[in-house]
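The values are calculated or read from the model by the stated rules, or taken from the named source; none is laboratory data. All values reported here derive from a predicted model rather than from experimental measurement. Every residue, glycine as well, gets a Cβ built from its backbone with ideal geometry; the counts of neighbours run over all protein chains shown.
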Amino acid sequence: MTPGASAGATPSVHVPVPAWVPMVTWACLLGLVILLVSVGYRRWRRNHRPKMPDTERAIRRWVASIAARWPWDSQNLGLVLVDDTTRHRRQFWTGQALPPKTYYPHIQFQPMPNGLRAYMQTLPGVGLDQVTKMAGHLANAWGCIRVEVRQDRPGLLCLRGLLRDPLAAPWAVRPDGRPIADWSLHVGVDDEGETVFLPLSNLSGVTVAGVPGTGKTSLQRWWLCQLAPHPAVQIAVLDGKVGDPFDGDYGQLADRCFAMAGDDLARANRLLTSLYETMRARSAWLRSNRGTAQFWDAGPSEDCPLVVVVVDESHTYASAASRADREACESNIWYLTKLAKEGRSRGFLTIFVTQKQTADAIPTAIRDVCQVGLSFGVRTMDGAVAALGDDIRLYPEMAPTELIGRQWTGVAVLRRPDRAGYHRVRAPFVSEHDAGHLVSHFQHLRRIPAGGPSTNGGGE
Ligand SMILES: Nc1ncnc2c1ncn2[C@@H]1O[C@H](COP(=O)(O)OP(=O)(O)OP(=O)(O)O)[C@@H](O)[C@H]1O
Ligand SMILES: [Mg+2]
């Protein structure tokens, strides 16, 4: 430009903006809005307990909300790992000390018809004990009536949250006279609605405990209804509640029992002696007829049946009221212990039913060799431990001390030899009349078991 000449209009510079810039700007804005909404929603959900769901969709939504709250719940219940190796970290640019890293356990939730199931990975210091201790708080946080915890496999826990108790309603059945299949006795259903069977093969004994009126004898009735139609089963009953066993709870089942005894210690002793002799003689019989001393290798047959001995109110035979009875009691204990210890390989299964399974009522030598323990409601944790073993203390929410009350009649906690942990089972109820009717159809199958003395030795 020459000097003195005036300046013209300033030229506008147009820098072309690439097409992706507005797109990225909008995407960022959208992302920000989504982030803010989701953070807000999470905060809101954290403080709002999910409603009790009843439909399948509602349960799924409820489980999703619990899963979203898990990092918060687990941290507040102390179910986290605070990594001590990260305690001395400092911020790179300010040099400020940083808090140690916190890890919460990975968990996968699944909706179930009665609540939820979750598989949780353990962390160092966060395992079965810690989660079990917090089960009550988890139940409160999740809105469940109960949360059960068990070890699924090493490093993995299985948690079950129950919205309603599927076992709280009674369940009556009418036995159809079908013999048991695969030598598995139907016990009942567990709280996931699955049928629980008790494999009889190689079983030495079963103990059944529970305060009066909880359904112990009714369960025996249900078991005998399944066993009675099988020609390879013979049944003996000792009913310690009555003088004449025909007057007692098993009176209607007498047609199918090859021997019975009441609370008379001397008579019971005669029956036990005869059962013991039959059992002892079995070894020789098995060896010469089957070529093995193991009964379950070939299993029960008509000529060598499974002998089921039900000892109801078993403490009657083990605790002497007077000095005169002491000798008979000691002898009874000796025979009962022998049956429990040696019966398995000779095809004898003894079921000990008692109201209290502490050592003063049933000798620990008997209790400890029975592989299966079952406990209906009991009043004290000591009673639960006697019936189910020390481990029940690790599962307080499963303890039979929780099963006191009318709605729990017929519900028992089961410890099985083939599975870890404990299972709550509702047993079906069979009326005495139905059981008697069924059993009367199979009285022709009753005979004195082979492999022993040819008398029923003391059975009435
Ligand atoms: N599975 C069940 N479901 C519902 N009710 C049941 C069940 N089992 C038993 N009952 C009810 O409880 C009552 C008592 O049952 P049962 O005689 O089996 O108790 P028990 O534990 O043997 O008592 P006790 O120790 O006094 O002999 C039964 O008459 C029946 O009304
Ligand atoms: Mg009874």
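Are there any pairs, at least 6 apart or on different chains, whose C-beta atoms fall under 9 Å, with the first in the range 273-289 and in the same structural domain as S301 (by TED's automatic domain parsing) and of a type in the set (D, E) and the second surrounded by fewer than 20 Cβ atoms within 10 Å (Cβ to Cβ) and not in a helix (DSSP H, G or I), and if so, which? If the second residue must be surrounded by fewer than 20 Cβ atoms within 10 Å (Cβ to Cβ) and not in a helix (DSSP H, G or I), the pairs left are E277/P453; E277/G457. Is it the case that R267 is away from ligand 2 (no atom under 16 Å from the Cβ), assigned to a helix (DSSP H, G or I) and either closer than 19 Å to F352 by Cβ or not β-branched (V, I, T) (or both)? So R267 fits the description; yes. Of the strands (runs of 3 or more DSSP E) entirely within the range 189-252, those holding at least 2 residues that are more than 9 Å from ligand 1 (Cβ to nearest atom) and either surrounded by fewer than 23 Cβ atoms within 10 Å (Cβ to Cβ) or over 21 Å from the mean Cα position of the chain (by Cα) (or both) occupy 195-199, 233-239.
Go over the candidates G389, G377, G373 one by one and state the one that is in contact with a strand residue (DSSP E or B) (Cβ under 9 Å, 6 or more places away or on another chain) and over 23 Å from V147 (Cβ atoms).
Going through G389, G377, G373 in turn, the sole match is G373.
Candidates in the range 215-261 are the residues that are within 13 Å of ligand 2 (Cβ to nearest atom) and among the charged types (D, E, K, R); of these, the one that is nearest to P305 (Cα to Cα) is R221.
Residue check: is V369 surrounded by fewer than 22 Cβ atoms within 10 Å (Cβ to Cβ), more than 16 Å from ligand 2 (Cβ to nearest atom), among the hydrophobic types (A, V, I, L, M, F, W, C) and free of Cβ contacts under 8 Å to residues at least 12 places away in the same chain? Spell out how you get there, then give the answer.
Numbers: surrounded by fewer than 22 Cβ atoms within 10 Å (Cβ to Cβ): yes; more than 16 Å from ligand 2 (Cβ to nearest atom): yes; among the hydrophobic types (A, V, I, L, M, F, W, C): yes; free of Cβ contacts under 8 Å to residues at least 12 places away in the same chain: no.
Here the answer is no, as V369 does not meet what is asked.
Number of residues in the range 378-437 that are among the β-branched types (V, I, T), surrounded by fewer than 23 Cβ atoms within 10 Å (Cβ to Cβ) and within 16 Å of ligand 2 (Cβ to nearest atom): the value is 2. Every condition in (1) buried (at least 23 other Cβ atoms within 10 Å of the Cβ); (2) without any contact (Cβ under 8 Å) to a residue 60 or more places away in the chain; (3) on the phi > 0 side of the Ramachandran plot holds for G347 except the one numbered (2). Evaluated against (1) out of contact with any Cys (no Cβ under 8 Å at 6 or more places or on another chain); (2) surrounded by fewer than 18 Cβ atoms within 10 Å (Cβ to Cβ), D152 falls short on exactly one condition, (1).
Residues that are farther than 30 Å from L336 by Cβ and outside any loop (DSSP other than H, G, I, E, B): does the range 173-184 have at least one? Taking every residue of the range 173-184 in turn, none turns out to be farther than 30 Å from L336 by Cβ and outside any loop (DSSP other than H, G, I, E, B).
Elements of the type helices (runs of 4 or more DSSP H) sitting completely within the range 279-356 and holding at least 2 residues that are at pLDDT below 90 and within 21 Å of L224 (Cα to Cα): there are none.
For the condition of a type in the set (G, A, S) and farther than 30 Å from T409 by Cα, what is the one hit in S283, S319? Answer to the check: S283.
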